[in-house]
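Enquirer: One structure is given below, represented as structure tokens, and several questions about it will come after.
The values are calculated or read from the model by the stated rules, or taken from the named source; none is laboratory data. Every value quoted in this text rests on a predicted model; they were computed, and no experiment measured them. FYI the Cβ positions are ideal-geometry reconstructions off the backbone, even for glycines, and counts take in every protein chain you see. The accessibility values were calculated without ligands, DNA or RNA, using every heavy atom of the protein model including side chains. Shrake-Rupley method; radii C 1.70, N 1.55, O 1.52, S 1.80 Å.
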Amino acid sequence: MKSLINKNIILGVTGGIAAYKSAEIVRHLKKSGSSVRVVMTSSAEEFITPLTLQALSGNRVSTDLLDAESEAAMGHIELAKWADAILIAPATANTLARLSSGRGDDLLSTVSLAFDGPISIAPAMNQAMWKDNRTQENLENLQKKGFKICGPGSGEQACGDVGLGRMLEPLEILELFSSSFDQGNLSERSILITAGPTQEPIDPVRFITNRSSGKMGYSLAEAAIEAGAKVTLISGPVNLEPPPNCNFVSIETAKEMHEAVMHHVKSKDVYIGTAAVADYRPVTFHESKIKKDTDKSSLTLQLQENQDILKSVSELNERPYLVGFAAETDNLLSNAKKKLKNKRLDLIVANDVSNKEIGFDSNENEVTLITNAEEKVLEKQNKKKISKKIIDFISSELT
Ligand code: PMT
């Protein structure tokens, strides 16, 4: 089975006797490194309890279309935005018919309609129902629409019949399901990414910093790892766990980030500067805490410019493909284009940080990718999906 590390998977469970095997599917999905949210139809609950699947997935199981506990009570939209892929196992004949006709009258069918990624289905039904022309027509229609069909298998069925229609075994389903993910379009590449803020100390208890949670840089690192790249992540202080399987370097100041970048950038194919690097640092570091002077109502700090890391990398003889980020509050595109030119970048990712719903700290972003040849808007979506699209774009530029 191919790696499903860091993937967000919705497992749809519908009402067939094979529903008991969904417990094992959840277990294998978790073991392969993915996060799983289970969506059950009401008839599935007759075969296996939500509590079992909740305990195995570690997440609340969703059953109702109108979900008071989800943000804006629209669980189907939130789930569709969260997921990287949907697997429906078992999928009954009724489920195939409803998906094929585009019904949206329960949670699973509406999530499937709202979701724009890959959907895999593991059919499970009586052999006569499977052979029926209407089921076969629904199947053909779903295949034409891009649904991946995993199975069914042949053999003795719960009702005593023998023939095609029983659900494949969990590992056989996951083998087919995992192959629906793009694997390793950056498998020969090494990528250096900076993330988070830098901190420029004033005295032992104070520093100047920039806003950055590190979410954008860390999710780009995850997306690059998922695409098969070898990733080095150089990060300022943030409250995030470094992604597994990356070479992680922790720094505090812009000077340390500059040194770390110049050390690690050799033989890298791509450099992505997501970090919000402080442009200035205090000229003097006070060894002791600066005491509040009751006679003075103001304090003057003298600052000096930090070296521009991106610029230093762009001046190397053998420079990698260079990606900068522009966090702007005004004139987003024209300011970003100036940085593309002045820093001699191959690509700049422009984000509007005046909008509180995207950019800093937020889980979502909306960006414009700008090269010398084109501009491409990536509409508002979570940073994980944006990251995957940015990595796909970079990968297409390298080929
Ligand atoms: O971390 P999050 O909360 O998820 O937020 C993400 C983000 C908004 C911080 C990120 O998407 C972003 O836009 N990062 C760059 C922010 C920024 O400081 O931009 P800038 O205009 O100052 O710098 C432009 C580019 O030059 C950046 O790629 C920066 O890393 C780089 N730079 C800046 C200064 C410097 N001394 N050296 C540099 O390499």
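Enquirer: Considering only the range 259-299, state which residues are among the acidic types (Asp, Glu) and free of Cβ contacts under 8 Å to residues at least 60 places away in the same chain.
Expert: Glu259, Asp279, Asp293, Asp295
Enquirer: With the requirement that a residue be of a type in the set (A, V, I, L, M, F, W, C) and either more than 7 Å from the ligand (Cβ to nearest atom) or assigned to a strand (DSSP E or B) (or both), what does the range 352-367 give you?
Expert: Scanning the range 352-367 gives Ile358, Val367.
Enquirer: Moving on. In the list Ile225, Ile272, Ile234, Ile251, which residue meets the criterion of being within 13 Å of the ligand (Cβ to nearest atom) and within 18 Å of the chain's Cα centre (by Cα)?
Expert: Answer to the check: Ile272.
Enquirer: Only one of (1) modelled with pLDDT under 95; (2) within 17 Å of Ile370 (Cα to Cα); (3) open to solvent by 50 Å² or more (accessible area, probe 1.4 Å) is not met by Lys289, so which one is it?
Expert: Only one criterion is unmet by Lys289, namely (2).
Enquirer: Of Phe285, Phe207, which residue is more than 19 Å from Val353 (Cβ to Cβ), in a strand (DSSP E or B), away from the ligand (no atom under 15 Å from the Cβ) and more than 28 Å from the chain's Cα centre (by Cα)?
Expert: Of Phe285, Phe207, the one residue that is more than 19 Å from Val353 (Cβ to Cβ), in a strand (DSSP E or B), away from the ligand (no atom under 15 Å from the Cβ) and more than 28 Å from the chain's Cα centre (by Cα) is Phe207.
Enquirer: Next question. Look through the range 288-311, keep the residues that are hydrophobic (A, V, I, L, M, F, W, C) and more than 35 Å from the chain's Cα centre (by Cα), and return whichever of them is farthest from Phe325 (Cα to Cα).
Expert: Filtering first and then ranking leaves Ile290.
Enquirer: Ala336: assigned to a loop (DSSP other than H, G, I, E, B), within 13 Å of the ligand (Cβ to nearest atom) and either acidic (Asp, Glu) or open to solvent by less than 30 Å² (accessible area, probe 1.4 Å) (or both), yes or no?
Expert: For Ala336, the condition - assigned to a loop (DSSP other than H, G, I, E, B), within 13 Å of the ligand (Cβ to nearest atom) and either acidic (Asp, Glu) or open to solvent by less than 30 Å² (accessible area, probe 1.4 Å) (or both) - is not met.
Enquirer: Hey, another quick one. Quick check, is Ile390 assigned to a helix (DSSP H, G or I), of a type in the set (A, V, I, L, M), more than 15 Å from the chain's Cα centre (by Cα) and surrounded by 18 or more Cβ atoms within 10 Å (Cβ to Cβ)?
Expert: No: the conditions fail for Ile390.
Enquirer: In addition: From (1) part of a strand (DSSP E or B); (2) open to solvent by 40 Å² or more (accessible area, probe 1.4 Å); (3) in contact (Cβ under 8 Å) with a residue 40 or more places away in the chain, pick out the condition that doesn't hold for Leu192.
Expert: Condition (2) is where Leu192 drops out.
Enquirer: If I filter the range 339-351 down to residues being within 12 Å of the ligand (Cβ to nearest atom) and among the basic types (Lys, Arg), which single residue comes out as surrounded by the most Cβ atoms within 10 Å (Cβ to Cβ)?
Expert: Checking each candidate, the answer is Lys343.
Enquirer: Can you name the residue in the range 304-333 that is more than 10 Å from the ligand (Cβ to nearest atom) and among the hydroxyl-bearing types (Ser, Thr, Tyr) and, of all such residues, is most open to solvent (accessible area, probe 1.4 Å)?
Expert: Among residues in the range 304-333 that are more than 10 Å from the ligand (Cβ to nearest atom) and among the hydroxyl-bearing types (Ser, Thr, Tyr), the one most open to solvent (accessible area, probe 1.4 Å) is Thr329.
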